[in-house]
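Q: Below: one structure in structure tokens.
The values are calculated or read from the model by the stated rules, or taken from the named source; none is laboratory data. Keep in mind that this is a model prediction, so the values were computed, not measured. Because the Cβ atoms are built from the backbone with ideal geometry, glycine has one as well, and the counts that use them run over all protein chains shown. Ligands, DNA and RNA are stripped out before the accessible areas are found, and what is left, the full protein with its side chains, is counted by its heavy atoms. Shrake-Rupley method; radii C 1.70, N 1.55, O 1.52, S 1.80 Å.
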Amino acid sequence: MTAARERAAGHRRRFDLRFQAYFDALPERLDTPAPSRFTPRCLELLRDLSLRGGKRLRVALLYEAARLVTIDPVPGLAEAALSIELLQTHGLVHDDIIDDAPLRRGGPSTYYAYRREFPAADRTALGLAVLAGDLAAFLSMRVLLEADVPAELRQAMLEVQLDAGAETVAGQIVDLERDLRRIPDEEFLHTVCEYKSTRYSVLAPLRLGLLAAGEELTGHDARLRRYAIPVGIGGQLRDDYLDLFGDEDSTGKSTGADLRAGRRSYAVTALLAAADEEQRAVVESALGDPHCPAETVERVRELARRLGVDRKLRADMRRCAETAAAEAGTWHPHWREEAVAFFTGLPLANVVRR
């Protein structure tokens, strides 16, 4: 597990330097209106959010997917990594608008940065935040067109990212639908997770890495999905766990954000299912209240601990990790041993990391 985390950390360090260089060059490469003051500020906020942390797990999955096939340098991977993380920036900006979230990665969300700058012009702040997210999405696709690879491969990679982007938007729609159900069932929660997160965070990087390395996806897509789905669910379980039981200084986000936003996350749904009517009323009183005080969040957290929700989520995370690791263990006949070992160790490493 340690080896997988170290490899992932190395990918992150190298990518962060590349991402910084991309944003350094972007103002000169992007044709924007010369008299505009708002456009440079938009690029500045996108840069700030993009470079302000993040695990870069998608980048590690991308590079290690290519290493399943070869250890030689693979053209197009750098552009694919940029595309993946720019699409992530797009998602974060829009997520924080939808959730009315003030914090992201230890700093202000793009939406709240604009709200501070335009305190008397709410529509301007909202419009600029939406457009910033849109710009990140278009840049995500544009960067793939700059990859020095055959046109057929460029087209295939672009199709992967366009599909991932569209499916993620569909996931956002279903995510809002989920929150109108009193206690969503597990199948619905898994569906939300797959579309909103798994397909672009896990499956797309795996596909892009293999494509860039010259691998035909048709014979491997089913096994990629069998790996991606438990990895995606495990990652979402961990995020939901940290939202309720984590520490704000460590996560960079407000603890209890799901409660205040009224999100029926894995953690909140497990709590509602375990609670009796009186306890459920306590949780429901906090759900969707943006001004819910910290004392109420703490009361809900302690209730969740008494009902064993924290233990249930940790057990579910481990079960997902073990399922993904077992699937990766079947890859030995198909791909390089070293990279298969990375995919086998990564899910459990993510469960135990803090």
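Q: Looking for something surrounded by fewer than 16 Cβ atoms within 10 Å (Cβ to Cβ) and touching a residue at least 60 places away in the same chain (Cβ under 8 Å) - is there at least one such residue anywhere in the stretch 203-216?
A: We begin by selecting, within the stretch 203-216, every residue surrounded by fewer than 16 Cβ atoms within 10 Å (Cβ to Cβ); these are 214, 216.
In the following step, the residues that additionally are touching a residue at least 60 places away in the same chain (Cβ under 8 Å) were identified as 214.
There is at least one residue in the stretch 203-216 that is surrounded by fewer than 16 Cβ atoms within 10 Å (Cβ to Cβ) and touching a residue at least 60 places away in the same chain (Cβ under 8 Å).
Q: From Gly246, Gly235, which residue is within 18 Å of the chain's Cα centre (by Cα) and surrounded by fewer than 21 Cβ atoms within 10 Å (Cβ to Cβ)? Reasoning before the result, please.
A: Values: Gly235 fails: surrounded by fewer than 21 Cβ atoms within 10 Å (Cβ to Cβ).
One residue alone meets the criteria, Gly246.
Listed here are the residues, each with its yes/no results for (1) surrounded by fewer than 23 Cβ atoms within 10 Å (Cβ to Cβ); (2) closer than 30 Å to Gly234 by Cβ.
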position	(1), (2)
Thr32	yes, no
Ala60	no, yes
Ile97	yes, yes
Gly107	yes, yes
Glu117	yes, no
Ala125	yes, no
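Q: Among the helices (runs of 4 or more DSSP H) lying completely within the stretch 264-336, list those that include at least 1 residues that are within 20 Å of Cys193 (Cβ to Cβ) and open to solvent by 50 Å² or more (accessible area, probe 1.4 Å). Write out each step before concluding.
A: Working: elements: 266-274, 277-286, 294-306, 309-329.
Here the list reads 266-274, 309-329.
Q: Another question, if that's okay. Please go through (1) at pLDDT 95 or above; (2) under 22 Å from Leu62 (Cβ atoms); (3) of a type outside the set (A, V, I, L, M, F, W, C); (4) surrounded by 15 or more Cβ atoms within 10 Å (Cβ to Cβ) for His190 and return the number of the only condition it doesn't satisfy.
A: Just one mismatch for His190, condition (2).
Q: Could I ask something else about it? How many residues, within the stretch 21-74, are touching a residue at least 12 places away in the same chain (Cβ under 8 Å), over 25 Å from the mean Cα position of the chain (by Cα) and part of a loop (DSSP other than H, G, I, E, B)?
A: Summing the residues that are touching a residue at least 12 places away in the same chain (Cβ under 8 Å), over 25 Å from the mean Cα position of the chain (by Cα) and part of a loop (DSSP other than H, G, I, E, B) in the stretch 21-74 gives 4.
Q: Further, regarding this structure: When you go through Leu176, Leu180, Leu158, Leu153 one by one, which is the residue that is farther than 22 Å from Trp331 by Cβ, open to solvent by 50 Å² or more (accessible area, probe 1.4 Å) and either in a helix (DSSP H, G or I) or touching a residue at least 40 places away in the same chain (Cβ under 8 Å) (or both)?
A: Of the residues listed, the single one that is farther than 22 Å from Trp331 by Cβ, open to solvent by 50 Å² or more (accessible area, probe 1.4 Å) and either in a helix (DSSP H, G or I) or touching a residue at least 40 places away in the same chain (Cβ under 8 Å) (or both) is Leu176.
Q: Now for a separate question. Please give the number of the condition Arg56 fails out of (1) open to solvent by 10 Å² or more (accessible area, probe 1.4 Å); (2) under 29 Å from His334 (Cβ atoms).
A: So the condition that Arg56 fails would be (1).
Q: Of the residues Ala166, Ala137, Ala147, which single one is in a helix (DSSP H, G or I) and either open to solvent by less than 30 Å² (accessible area, probe 1.4 Å) or of a type in the set (Lys, Arg) (or both)? Can you show your working first?
A: Values: Ala166 fails: either open to solvent by less than 30 Å² (accessible area, probe 1.4 Å) or of a type in the set (Lys, Arg) (or both); Ala147 fails: in a helix (DSSP H, G or I).
Every option except Ala137 fails the conditions.
Q: Next question. How many of the residues making up the stretch 260-279 are without any contact (Cβ under 8 Å) to a residue 24 or more places away in the chain and touching a Leu at 6+ places or on another chain (Cβ under 6 Å)? Spell out the reasoning first.
A: The first filter runs over the stretch 260-279 and keeps only residues without any contact (Cβ under 8 Å) to a residue 24 or more places away in the chain, leaving 276-278.
Restricting the remaining residues to those that are touching a Leu at 6+ places or on another chain (Cβ under 6 Å) gives none.
Qualifying residue count, the stretch 260-279: 0.
Q: Can you tell me which residues in the stretch 2-19 are open to solvent by 80 Å² or more (accessible area, probe 1.4 Å) and under 21 Å from the mean Cα position of the chain (by Cα)?
A: Residues of the stretch 2-19 open to solvent by 80 Å² or more (accessible area, probe 1.4 Å): 2, 5-6, 12-14, 17-18.
Listed by number, the residues that qualify are Arg5, Glu6, Arg12, Arg13, Arg14, Leu17, Arg18.
Q: For the stretch 174-195, enumerate the residues that are among the hydrophobic types (A, V, I, L, M, F, W, C) and over 22 Å from Arg225 (Cα atoms).
A: Residues of the stretch 174-195 that are among the hydrophobic types (A, V, I, L, M, F, W, C), as a first pass: 174, 176, 180, 183, 188-189, 192-193.
Listed by number, the residues that qualify are Leu176, Leu180, Ile183.
Q: Another question, if that's okay. May I ask you to verify whether Arg13 is free of Cβ contacts under 8 Å to residues at least 24 places away in the same chain and over 30 Å from Thr344 (Cβ atoms)? Step through it out loud before you land on a result.
A: Numbers: free of Cβ contacts under 8 Å to residues at least 24 places away in the same chain: yes; over 30 Å from Thr344 (Cβ atoms): no.
No; evaluated as a whole, the condition is false for this residue.
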